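None of the figures in this text is laboratory data; all of them are computed from the coordinates on show. Computed from a predicted structure; not experimentally measured. Here the Cβ is made from the backbone with ideal geometry for all residues, glycine too, and neighbour counts use every protein chain on show.
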Amino acid sequence: MARSNLIPKARQNPLARGSGSLRRSPAPHLRADASTRSIMSDVLIALSPMLIVSVFFYGFRTLALTLTSVASCIAFEWLFRRAVKKPASVGDLSAVVTGVLLAYNLPASVPYWIPVVGAAFAILIVKQLYGGIGKNFLNPALAGKAFLLVCFPDVMQTWTQPFEHLPLFGPFEAETAANPLEALKNGLIPDDSALELLLGRHAGALGETCALLLLFGGLYLILRRVISARIPLVYLGTVAVVTLLFPLGGARPLEWMTSELLSGSLILAAFFMATDYTTSPVTPLGQTVYAVGCGLVTVFLRYFGGWTESVCFAILIMNSCAWLVDRIRLPQSRGGARNVR
Amino acid sequence: MSDKRREDVPEVPEDPSVAEGNGIDIPVPEEAPARGRGRRGRKRAERSEADSGLLPESGAPAGTVYTLGPQNEFGDVEDVSFEQASEDAAEPSEPKKGAALDISDIPNAVAAPDAPASGKFRKRKKRRTAQPRNTAAAPEETSVPAAEDSAPSSQDAPAAEPASVPEEPPADVNAAENADKAPSGEPETSEAAEPAADVADAAPKASRSKRRGKRRPAQADRPDSGDTPSESGEAAASRDTASAPDAEPAVPAKKPKKKSRRTAAQAEDAAGDAAETESAPSETPEKPLRAPKPKAPAATLLLHGILSENPLLFGLVGVFPVVAAASTGLTALAAGICVLAALIVTNLAAALIGDRLPRRLRAALLLLLAACVSAGEQFALEALLPETVDALGIFIPLVAVCGLTLARESFASEHHPASALIDAAACGVGFAAALTLLGVIREVIGSRALFGLDISVPGLPPVLVFAAPAGGLLLLGLLSGAARYVRTKRRASKRGSKEAEL
């Protein structure tokens, strides 16, 4: 587990850092040099290729949207911490990650105030009102996206064609395109082929289309031990199994499953948002149950829900159940005062 | 608890001189403390109380310790809070531990040089009552009450830290020797100190010494009283409440009520607390003596219901209309008025029924009443505001099961109908006002309108989530947090200014 290695350096016992060859310190004795900042940097590295591809698909507007989102997340975080006289937490880069993930969930055609509103909700209400990093019970980026989706559904569900570059400023007329999820919702196999879905040449949010790069980013995080493979693999596996077993509208199961897996923000969410340390369970069994729950709720909402994109709602629902899932089998403490006679 | 009281009452000996057998010579006045003496005493107390109306202290015969001026002059609520305050203040007894006594309320008290402010004292009192009472009461049986004028210094000193007491500086020269003797806890000392306690005229000690005067004979004929101090202390305390059921709410009787009835936020306020605890003993359904229902000051009730204890913003009671009904200002106002009307009827009924019915039956009856009221409201709304009926839908009948009804029932059933009526009006108005505020905000943000008038700004789309139930809960949370923040700030500043005065 990566988590046990994540004790920041600052918390090390100062006595243990002696100059001699023998050191005395309480467990854990194996330490990694990981800190919140280094973890978040890894996540940003894993996410950055997608940004380049989105510029390639939609023009520099995606970059501007991402920067707006990141800047407003940082600003809100800094302002709030300053207003309530808490130590500043901008330096741990968690607000930057939130901003990037929030922007990746937006269509490229949204006006610039949309990421600002989303960042305000994500940072102020979801994250900071609950106490800041490590204390929020919902993933801030997902909650911000859900808030925007519920508040401004028409803006948030207008998709444009890739390779049609959008202007940076000013009003524009762009040809709208059908998100493959809309076809899936109606029980149809989308027009885009599996390869197009994998490479990202289809309509969708600016950071969720290219499944291949997201998979590489996830692999990087797993190899760097920032996340464990359990949650994303079980999540995607559950979705795969359920869609394979129950394809809608008489579609061919394998084709249906591939389309379901590769469209929408499923892969982005499975690797980068469902694995959020704060909002996912801690125990291995709990993580498995959580991931299975995410998959089941995702498919359920995609089949029967009102929204075309339901991954964010599914993960938010399971986020709020994480504390419960963690209680399924709590680790037994051995020894202790009760056993002493 | 009530059963225990009834059993305990006959055990209390009628003759206080029994106490002499144990070597504890307690000079008790001829007119013995009336309410400690079983049936006869209670009847006497009843008579005199009937004469004196609501003031319980005047029920005691003249010549006893407890007819005390300052307490009678207070209002009921203040009276009780004061009595308990003096008890609680006396408990810690050591200035270095931060004991606080409200000097200004005590006529004969000698002000200690470092007496803290009264505002602070009230705050502390809450914390202190939270700890188990019998630990303080236990050694008190064997040891001895203190001397006059030294209430803060030597009252319960042996209870807290027997060893450290003799070192403390006594507040008065008279009290010095008594204070030194008191902690020794021997009968000889008690002989010397007890008269002093009985004739004490320091106000805060009155209730305490009265209690002691009654308790002591009761303890004397119980052989195990000294051996099991904590148990006997508890027993004595419960007997104490039994013997004075309507005059003074003793602390043990008050504690469970406070936990069950009040939310944590409400419990912070001393005055409101006193208003509820005032009526603590009148809960016993089978008690032959029906105490006159206490009244609470109207201004306090209004202030609490509308502002400082607003049932929606602080109590978070009756959230259901917020979720669905209060999406516009008009529907919120209609829902608020419905709740207000139902609450007035049920609260008044609860006050009139009182303890004539057991609690469960009473709750059921009140719910039935509320259902009747809400049925009437349905028709009234259809006639007056037909456009809100569709929006409110099922939530008009649901007013019948609004949590506010049962939340205020416990207050209303123990108070005078007038007080219950004022409380219902205050809480209902506070609820309706907060709900309307919520509805207006939701309407402005969520649908860009104000009471149906279109105020939409081009280029500024409505934030649809605020028209949905989720937005209502979100906004309620934010409003409640803001209100709590303001209240905490105000209380802190008030406390600070009071401290600055002294």
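Here are a few things to note about the model shown:
- 3J(HN,Hα) along the range A:213-229: 5, 5, 5, 5, x, x, 4, 4, 5, 5, 5, 7, 6, 6, 10, 8, 6 Hz, from the Karplus curve 6.51 cos²θ - 1.76 cosθ + 1.60 with θ = phi - 60°, whole Hz, x for Gly and Pro.
- Calculated FRET efficiency for the pair A:Phe137/A:Ala32, C-beta based, R₀ 25 Å, to 0.05: 0.45
- What the Cβ-Cβ distance of A:Ala229 and B:Ile394 gives, at R0 = 51 Å and to the nearest 0.05, is a FRET efficiency of 0.60.
- Placed amide H near B:Leu450: partners under 5 Å, 5+ positions off or other chain: B:Ile455
- Where only C-alpha atoms are counted, convex hull volume of the range A:266-341 per residue in Å³: 88
- Rg over Rh [alpha-carbon atoms, Kirkwood Rh] for the range A:193-327: 0.96
- Counting Cβ atoms of other protein chains within 10 Å of each residue's Cβ and taking the mean over peptide B:454-465 gives 2.
- As a rough footprinting exposure proxy, the listed residues A:Glu182, A:Glu208, A:Glu175 were ranked by other beta carbons within 10 Å of their own, and the order from fewest upward is A:Glu175, A:Glu182, A:Glu208.
- Electrostatic tally near B:Phe466: other residues with Cβ closer than 12 Å to its Cβ, Lys and Arg +1, Asp and Glu -1, net +1.
- With each label modelled as a point 7 angstrom along the Cα→C-beta vector, the B:Ile455-A:Ser193 pair spans 5.7 nm.
- The Cα-based radius of gyration and maximum Cα-Cα distance (Dmax) for the range A:53-152 are 13.0, 43 Å.
- Where N is the number of residues in the range B:297-497, Cα Rg divided by 2.2 N^0.38 Å: 1.08
- Listed by Cβ neighbour count within 10 Å, with the fewest neighbours leading, A:Ile123, A:Ile189 appear as A:Ile189, A:Ile123.
- Counting every other Cβ atom within 10 Å of each residue's Cβ, B:Thr328, B:Thr405, A:Thr308, A:Thr209 order from fewest to most as A:Thr308, B:Thr328, B:Thr405, A:Thr209.
- Among the chymotrypsin sites (Phe, Trp or Tyr not before Pro) in the range A:90-198, those located in a DSSP loop and surrounded by at most 11 other Cβ atoms within 10 Å of their own Cβ are A:Phe163, A:Phe169.
- Residue-averaged beta-carbon neighbours from other chains (10 angstrom radius) around A:125-134: 1
- Take each residue in A:150-162, count the other chain C-beta atoms within 10 Å of its C-beta, and the mean is 2.
- One compactness figure for the range B:377-444 is 1.32, namely its Cα radius of gyration divided by 2.2 N^0.38 Å.
- Angle in degrees between helix A:253-262 and the longest Cα principal axis of chain A, rounded to the nearest 10: 70
- Where labels lie 7 Å past Cα in the beta-carbon direction, separation of A:Ser25 and A:Arg201 in nm: 5.2
- Residues of the range B:418-454 with amide N under 19 Å of the 7 Å Cα→Cβ point at B:Ala482: B:430-451
- Taking the Cα centre of the range B:431-502 as origin and assigning +1 to Lys and Arg Cβ atoms and -1 to Asp and Glu Cβ atoms, the resulting dipole is close to 480 debye.
- Cα extents for chain A along the principal axes, largest to smallest and rounded to whole angstrom: 71, 46, 34.
- Assuming charge only on the beta carbon of Lys and Arg (+1) and of Asp and Glu (-1), the dipole of chain A about its Cα centre is about 2620 debye to the nearest 20.
- Between B:Leu316 and A:Gln161, the modelled label-to-label distance comes to 5.2 nm, taking each label 7 Å out from Cα in the direction of the beta carbon.
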